[in-house]
Amino acid sequence: MIELKKRLADAILQKLSLFNAEHGLSIENVQDMLEYPKDAAMGDLALPCFKLSKALRASPQMIAEKIADQFNCDGIGNANVLGGYLNFTVDQHFAGRVIDRVLCEGERYGASETGKGKVVVLDYSSPNVAKPFHIGHLGTTVIGHSLKKMHEFAGYQCVGINYLGDWGTQFGKLITAYKLWGSKEAIEENGIDELVSLYVRINQEAEHDESLNERARAEFKKLEQQDEENIALWKWFIEISLAEYEKTYKQLDITFDSYKGESFYTDKMPAQVQKLRDMSLLKQDDGASIVDLSAYNMPPCLILKRDGTTLYPTRDIAAAVYRKETYHFDKAIYVTSAGQSLHFAQWFKVVELMGYDWYNELVHVPYGTVSINGAKLATRTGNVILLRDLFAQAIAKASDIMKEKNPDEVLDEKTAEAVGVGAIIFHYLSNTRIKDINFIMEDVLSFEGNTGPYAQYTYARACSVLKKASPTGNDCELSTAEEMVLAKTLSQFEERITQALDEYEPYLITRYILEVCSTFNRFYHACKIVGAENEKVRNTRLRLTAAAKQVLENAMHLICMKTPEKI
Ligand code: ARG
């Protein structure tokens, strides 16, 4: 559609010379004025002529009529005046060109070079080692990775960073718990589960035994001082945890470019603390060092605790400086729950006050909370649902449904995994990210309604048509409204990506996938494809089917969904 908009804007601009006015408008100006009519029956693109009234010193109605008179633009079949609007309808040529383009560009269809030469660093997933990797992390993981894929598709060079929470007082707790109650064999056997139960136990017992907290602080201090035994335990805990995370990332097809976690920045913080001090930005508050942000209506940003140890914001500041120096990013994106919004607003402000001129390249992308069947989760008490278990549950349900649908076939486990995990991702990315989400498994995995399985099923349907017959040549004879609507929907992919990137909203892609599915399914039910009335029509429909399949594939991959050819 973007291409057509340009051509249309150009044709409109030519017509503006009919008015005796120095309007000074460019193609871009006119292009920006074009809208999609709310009611598709009115047309495919509209020019609200009142936007031109001032520049042309004429009434909208008159402008519309003058432009419409003998209007000619390749791809536009009709120009209709309605009130002060000029409504355009696309024609066969346009649809034909869309199909050609999709088939010719294949998996690059929708890609662009918008971000060429620009670097984007994305910080996402970033679980805290020794704490459970639970469904609260689903958002950062899938939103983060989708944003990465979308940026890459738009030509940006991306660096995906898993900023592991591999440092902090929780290690003091874990080391204490291990020394008191742990066993090497149990951890080797049960991996992260054993670590989590040790962590949960110490938190519970510490509620009525303060000495455990004291001991945990002491163990952490020893760790900071490079105590050999504690360092070895710490490394081991990370290794065990990473092995577990990798399994989940594999199911999601996610890889990272860097795993530099919080601990990496230990020796990079002092320089930033010194800079804050030199700039007189540090204030003492009850023994702690803070940056006063009252002028910006925010509570102070904590830099050093009373005992001189560093904090979460201190590490984030040091990490941002390191990333700027290492990757020379044009944008650094952080995906976390909305609960951390203040933290980001605070340290972004501190970075600005420190005089780093790239402070406005830092972007926080927050998202809402998750519950399952209405139940909220709490990490400390162990009342959590692990990402791993959520996936397993979805895969099991998907397997049941597939077995029921195809009782005579051997279950393809890879497909069941793609459907189960895909259903979760799709449901998660179905609404604006800031909205809280509730998972009701029945709905998430339904093959009807706006779900992941429905999208994958539609894709598989297109594949099965194309298995029966392949398109040849480059016929283009669209004979029904359903075909036109589908072609128009396919033409909008690139614009949707741009919008999704502008708003950091992968759900706009999810919504677009649903539009492609519904227009494809309407076409599929209304038109005979393989059995069409003649060769030209049949071939056009096969090509349209192949184009829809391609767009679905490209779009689903952007939101980390797999596309099995058969379900
Ligand atoms: N590890 C943190 C958590 O699980 C998220 C880290 C987000 N990234 C950052 N640069 N602060 O809550």
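How big is the gap, in Å, between the Cα center of the range 410-445 and the Cα center of the range 462-514?
With the range 410-445 and the range 462-514 each reduced to a Cα centre, they are spaced 22 Å.
What order, most packed first, do the peptides 333-345, 153-165, 102-114 have when packing is the mean number of other Cβ atoms within 10 Å of each residue? Could you put the intermediate results ahead of the total?
On the way: 333-345: 17.6, 153-165: 21.3, 102-114: 15.0.
Those peptides, ordered most packed to least, come out 153-165, 333-345, 102-114.
Separation of the range 155-215 and the range 114-128 by C-alpha centroid, Å?
28 Å
Calculate the dipole size of the chain relative to its Cα centre from +1 charges on Lys and Arg beta carbons and -1 charges on Asp and Glu beta carbons; express the result in debye to the nearest 20. Spell out each step's value before the answer.
Values: 64 positive and 78 negative charges, 173 e Å.
Roughly 840 debye for the chain.
Residue by residue through the range 153-160, which ³J(HN,Hα) values in whole Hz follow from phi under the Karplus form 6.51 cos²θ - 1.76 cosθ + 1.60 (θ = phi - 60°), with glycine and proline marked x?
5, 8, x, 6, 8, 10, 10, x
Taking the Cα centre of the range 362-448 as origin, sum charge times position over the Cβ atoms of Lys and Arg (+1) and Asp and Glu (-1), and report the length of that vector in debye to the nearest 20.
Here the size comes out at about 600 debye.
Distance between Cα centroids, the range 235-281 to the range 33-55: provide it in whole Å.
If you average the Cα positions of each part, the centres end up 50 Å apart.
Among Leu386, Leu198, Ser470, which residue has its Cα furthest toward the positive end of the charge dipole of the chain, with +1 on Lys/Arg Cβ and -1 on Asp/Glu Cβ?
Among Leu386, Leu198, Ser470, the one farthest towards the positive end of the dipole of the chain is Ser470.
What is the local net charge at Ala177, summed over the other residues whose Cβ is closer than 9 Å to its Cβ (Lys, Arg +1; Asp, Glu -1)?
Charge balance in the 9 Å sphere: +2.
With a point put 7 Å past each Cα toward its Cβ, work out how far Gln274 is from Met298 in nm, to one decimal.
Rounded to a tenth, the inter-label distance reads 2.5 nm.
What is the Cα convex hull volume of the range 377-512 when expressed per residue in Å³?
Working: hull volume 21.8 nm³, N = 136.
So the per-residue Cα hull volume is 160 Å³.
Using θ = phi - 60° and the Karplus form 6.51 cos²θ - 1.76 cosθ + 1.60, what ³J(HN,Hα) does each residue of the range 389-397 get, whole Hz, x for Gly and Pro?
So the Karplus estimates, Gly and Pro as x, are 5, 4, 4, 4, 5, 5, 5, 4, 5 Hz.
Using a cut-off of 11 Å between beta-carbons, work out the net charge of the residues near Gly531 (Lys and Arg +1, Asp and Glu -1, Gly531 not included). List each step's numbers first, then the result.
Numbers: positive: Lys468, Lys528, Arg538, Arg541; negative: Glu533.
Taking every other residue near Gly531 into account, the sum is +3.
Subtracting the Cα-Cα distance from 0.36 nm times the residue separation, let me have the gained length for Phe50 to Asp10 in nm, one decimal.
Details: separation 40, 0.36 × 40 = 14.40 nm, distance 1.85 nm.
Length gained between Phe50 and Asp10: 12.6 nm.
Please list, in chain and number order, the residues 5+ apart from Gly160 or on another chain whose amide H is under 5 Å from its amide H, with Hs placed from the backbone.
Residues meeting the criterion, in which the H sits 1.01 Å from N, are Leu122, Asp257, Ser258.
Length gain on complete extension for the stretch Glu495 to Glu325, per 0.36 nm per residue less the alpha carbon to alpha carbon distance? Before the final figure, lay out the partial values.
On the way: separation 170, 0.36 × 170 = 61.20 nm, distance 3.29 nm.
The span from Glu495 to Glu325 would gain 57.9 nm if fully extended.
If you average 1/r across every pair of different Cα atoms in the range 510-555 and take the reciprocal, what Kirkwood value do you get, in Å?
Kirkwood radius, the range 510-555: 11.0 Å.
Of Lys6/Lys536; Lys116/Lys283; Lys283/Lys435; Lys397/Lys536; Lys54/Lys116; Lys173/Lys283, which ones are farther than 32 Å apart at the Cα?
Lys116/Lys283; Lys283/Lys435; Lys397/Lys536; Lys54/Lys116
For the range 542-548, take each phi angle, set θ = phi - 60°, evaluate the Karplus expression 6.51 cos²θ - 1.76 cosθ + 1.60, and give the result in whole Hz per residue in order, putting x for glycine and proline.
So the J values, rounded to whole Hz, are 5, 5, 5, 4, 5, 5, 4.
Could you list, bin by bin from short to long, the percent of Cα-Cα pairs of the chain in 10 Å steps?
3, 15, 21, 22, 17, 12, 7, 3, 0
Mind putting together the pair-distance distribution for the range 1-70? All Cα pairs, 10 Å bins, whole percent per bin, short to long.
Reading upward from the zero bin: 20, 57, 22, 1.
Work out the length of the dipole vector of the range 15-169 about its Cα centre, built from +1 on the beta-carbon of each Lys and Arg and -1 on the beta-carbon of each Asp and Glu, and round it to the nearest 20 debye. It would help to have the intermediate numbers written out before the result.
Numbers: 14 positive and 17 negative charges, 67 e Å.
That gives the range 15-169 a dipole magnitude of about 320 debye.
Residue farthest toward the positive end of the dipole of the chain, with Cβ of Lys/Arg at +1 and Asp/Glu at -1: which of Phe50, Ile2, Leu411?
Phe50
By how many nm would the segment from Val530 to Ala243 lengthen if fully extended, with 0.36 nm per residue of separation less the alpha-carbon distance? The partial results should precede the final answer.
Values: separation 287, 0.36 × 287 = 103.32 nm, distance 4.84 nm.
The Val530-Ala243 span can extend by a further 98.5 nm.
How much of the DSSP beta bridge set in the chain is antiparallel, as a percent to the nearest 5? Don't skip to the end; give the middle numbers.
On the way: 22 of 42 bridges.
The antiparallel fraction comes to roughly 50 percent.
Which one of Thr248, Thr309, Leu13 is farthest out on the positive end of the charge dipole of the chain, using unit charges on Cβ (Lys, Arg +1; Asp, Glu -1) and the Cα centre as origin?
Result: Leu13.
Every number here is computed from the coordinates shown, using simple stated rules; none is lab data. Quick caveat: nothing in here was measured; it's all calculated off a predicted structure. FYI the Cβ positions are ideal-geometry reconstructions off the backbone, even for glycines, and counts take in every protein chain you see.
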